[in-house]
Amino acid sequence: MRRAHFKFSWIVPLLLAPQLLVIFTFFYWPSAQALYWAFTLEQPWGGGNTWVGFDNFRKVLSDPYYWGSVRVSVIYALATTILAMGMALTLALFVDRQLAGYRVWRIGIIWPYAVAAPAVGLAFQFVFNPGAGIFSYINTISPGWWDLSKHPWQAVTAIVIAGAWKQVSYSFIFFLAALQAIPRSLTEAAAMDGARPLRRMIDLQLPLLTPTFFFLLVINITDSFTDSFGIVDTLTGGGPFRATDLMVYKIYSDGFRGFDYSGAAAQSIILMCLVMALTFIQFRYIERRVHYT
Amino acid sequence: MIERTPVLNLMTHLILGLGLAIILVPVWLAIVAATLTLQEVNTAPVELWPGDQFWPNLKEAWAQSDFGPKFVNSFIVAVGVVVGKVTLACITAFALVFFDFRGRMLIFWAIFITLMLPLEVRIVPTYAVAANALSPFQTILDATGISWLLNTLSGIEVSLEWNLLNSYTGLILPLVATATGTFLYRQFFLTIPDELVEAARMDGAGPLRFLWDVLIPLSKTNIAALATIMFVYAWNQYLWPLLVITDRANYGMVVVQLSDLVPDQLTTGGGTPTWHLAMAATLVVMLPPIAVVIFMQRWFVRGLINTDK
């Protein structure tokens with residue numbers, strides 16, 4: 001790739017070794033291990049694992065609870081992505097107008113990026129609490145109507161809102177950066193042709209944001225699969241009646257509470273394939289994205 | 001470019017104000033709750049203006065969760081991840097960009113692929129490795145027959161063991177095992193002009209000298225960006241420390257401690273939920289990474305956009 005190089009010497013292996021060792025031990029080995037577990041079953045009284053082929057997958061895929069988990073994960077992924085990206089895009093378009101107070105608006109929207117998922121979960125657990133938060137108003141009117149621990153749809157709504165809240169700033173940063181990368185000459189030419197700011201948003205800025213949009217779409221969906229654990233664990237604990245048992249949460253509870261390593265490994269493999277597929281899609285769009293920045 | 005758009009400007013501020021309000025409402029409610037007494041926080045029409053109980057609440061929550069040593073632990077882990085990542089990423093990217101050797105692209109892809117699977121996805125087997133970080137090597141030695149060979153030749157039984165559970169190393173190393181920073185550096189190193197490399201070589205600088213005296217000073221912005229992102233990432237870890245640390249008194253991190261503050265049947269035993277303490281603790285745990293992001297805003301935003309993560 002580069003024309004000028006240093007000559008290969010003993011330094012190179014030394015420089016590469018630490019990173020390669022770390023990723024081998026903590027990335028490749030565990031991933032291979034997951035694959036091994038997914039196709040074997042541990043004997044109850046020791047004696048190693050026996051090969052069971054696709055049995056673990058068959059068991060997982062015929063488990064109605066697993067499909068419930070997939071269903072709510074998809075709902076969660078789509079709902080948080082749409083909410084967060086919609087809000088991020090709107091805010092970015094208006095912050096990009098760079099009126100007075102632009103820096104204050106910007107930092108006001110960026111800081112939630114730094115908030116830990118369980119902290120978000122806990123704060124929203126208070127906000128949505130039937131006895132103490134703002135929803136206690138509703139419950140004074142019709143007692144017992146709002147209760148996260150009883151009504152599945154309310155629990156799902158709560159994790160979706162908390163998840164979306166957490167994702168807004170990430171998308172916002174990318175949308176704003178993409179907007180600011182639009183050449184000034186383009187905006188000025190459009191203005192000369194008589195396009196007012198709103199018209200320019202629709203006909204100039206939005207089309208130019210398409211690559212960023214697709215990139216964020218994939219990133220947000222992937223993140224919602226992997227990053228939701230902290231929110232679910234503190235906000236709903238997977239309940240009520242497993243209504244918010246997202247895929248990562250189920251892997252955790254099957255593997256570490258139910259000690260079903262093979263089942264958890266099979267679920268991990270399915271999730272890995274899903275995340276990899278999404279990442280491959282993402283790389284295709286990264287290529288396109290580069291042209292604009 | 002000057003345009004007069006008074007109506008649209010007003011609308012812009014209104015929309016932004018509304019957006020910011022939506023973002024701030026939950027935090028505001030948490031702040032208010034953190035400043036009330038146990039009784040006030042549980043009365044039905046919710047209080048919307050802060051009281052004066054913040055310090056007492058914070059003190060009580062702090063003592064209850066034993067936050068002192070846990071904040072220290074969180075700092076150690078966050079700084080460990082930052083230093084580990086910045087160093088590893090830098091030297092790896094340097095070797096990949098400034099040297100030409102066979103298998104370079106293979107190594108590049110081997111590292112690149114780690115971007116695809118976040119820790120959460122491969123959590124169960126990673127935990128098994130952490131229980132004995134040398135188990136991969138033991139298995140390889142056993143499988144290849146080297147263990148047997150050593151055993152018969154010298155009588156030494158090979159059994160490698162390095163338990164990472166309940167240790168800082170166990171918290172830090174798996175978080176360093178991704179490619180995020182390597183790519184930030186690689187992209188930056190690719191923009192270094194060839195002439196600079198040639199000039200350095202002509203002046204007789206070896207690769208390490210070039211790295212230390214030319215590249216590192218040039219990549220200060222990169223380091224700042226990566227450090228910010230990694231600090232936030234490490235501080236906010238939840239699932240991994242939850243699993244690896246069972247000895248919470250000595251190695252617990254603050255974010256994990258939040259799960260014990262959820263006021264439900266388990267923690268209050270059917271008593272009145274202690275929301276005021278939970279919210280005070282949440283706020284103080286949120287604070288350090290927010291401060292870092294606000295303080296490092298400029299570099300952080302640039303870094304995030306270059307790493308795609």
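Observations
- When segment A:103-151 is limited to residues that are more than 28 Å from the chain's Cα centre (by Cα) and assigned to a helix (DSSP H, G or I), the one that is surrounded by the fewest Cβ atoms within 10 Å (Cβ to Cβ) turns out to be A:Ile141.
- Pick from segment B:178-187, criterion β-branched (Val, Ile, Thr) and assigned to a helix (DSSP H, G or I), ranking: farthest from the other protein chains (Cβ to nearest Cβ): B:Thr180
- Test for B:Phe54: is it more than 9 Å from chain A (Cβ to nearest Cβ), surrounded by 14 or more Cβ atoms within 10 Å (Cβ to Cβ), farther than 22 Å from B:Tyr238 by Cα and aromatic (Phe, Trp, Tyr): yes
- Among the residues making up segment A:92-102, those that are within 7 Å of another protein chain (Cβ to nearest Cβ) and either of a type in the set (D, E, K, R) or not in a loop (DSSP other than H, G, I, E, B) (or both) are A:Phe94, A:Val95, A:Arg97.
- Qualifying residue in segment B:295-309 (condition: modelled with pLDDT of 80 or more and at the interface with chain A (Cβ under 8 Å from one of its Cβ atoms)): yes
- Selected residue (criterion: farthest from A:Gly163 (Cα to Cα)) from residues of segment A:121-145 that are of a type in the set (Val, Ile, Thr) and at the interface with chain B (Cβ under 8 Å from one of its Cβ atoms): A:Thr140
- B:Val256 vs. criteria more than 11 Å from chain A (Cβ to nearest Cβ) and at pLDDT 85 or above: no
- Selection status of B:Val32, in contact (Cβ under 8 Å) with a residue 12 or more places away in the chain and outside any loop (DSSP other than H, G, I, E, B): yes
- Considering each residue of segment A:226-239 in turn, at least one proves to be on the phi > 0 side of the Ramachandran plot and modelled with pLDDT under 85.
- Close Cβ contacts (under 8 Å, 6 or more residues apart or on different chains) running from residues in segment B:188-209 that are facing chain A (nearest Cβ under 8 Å) to residues that are in a helix (DSSP H, G or I) and surrounded by 12 or more Cβ atoms within 10 Å (Cβ to Cβ) comprise B:Leu190/B:Val97; B:Val197/B:Phe98; B:Val197/B:Phe210; B:Arg201/B:Phe210; B:Pro207/A:Ile11; B:Pro207/B:Phe94; B:Pro207/B:Phe98; B:Leu208/A:Ile11.
- Put simply, of B:Arg201, B:Arg248, B:Arg186 the only residue that is buried (at least 20 other Cβ atoms within 10 Å of the Cβ) and among the charged types (D, E, K, R) is B:Arg186.
- Enumeration of residues in segment B:37-51 that are at the interface with another protein chain (Cβ under 10 Å from one of its Cβ atoms) and either in contact with a Phe, Trp or Tyr (Cβ under 9 Å, 6 or more places away or on another chain) or of a type in the set (A, V, I, L, M) (or both): B:Val41, B:Asn42, B:Ala44, B:Pro45, B:Val46, B:Leu48
The values are calculated or read from the model by the stated rules, or taken from the named source; none is laboratory data. The structure presented is a predicted model; accordingly, all values stated were derived computationally and were not measured. As a convention, Cβ positions derive from the backbone with ideal geometry for all residues, glycine included, and neighbour counts pool all protein chains shown.
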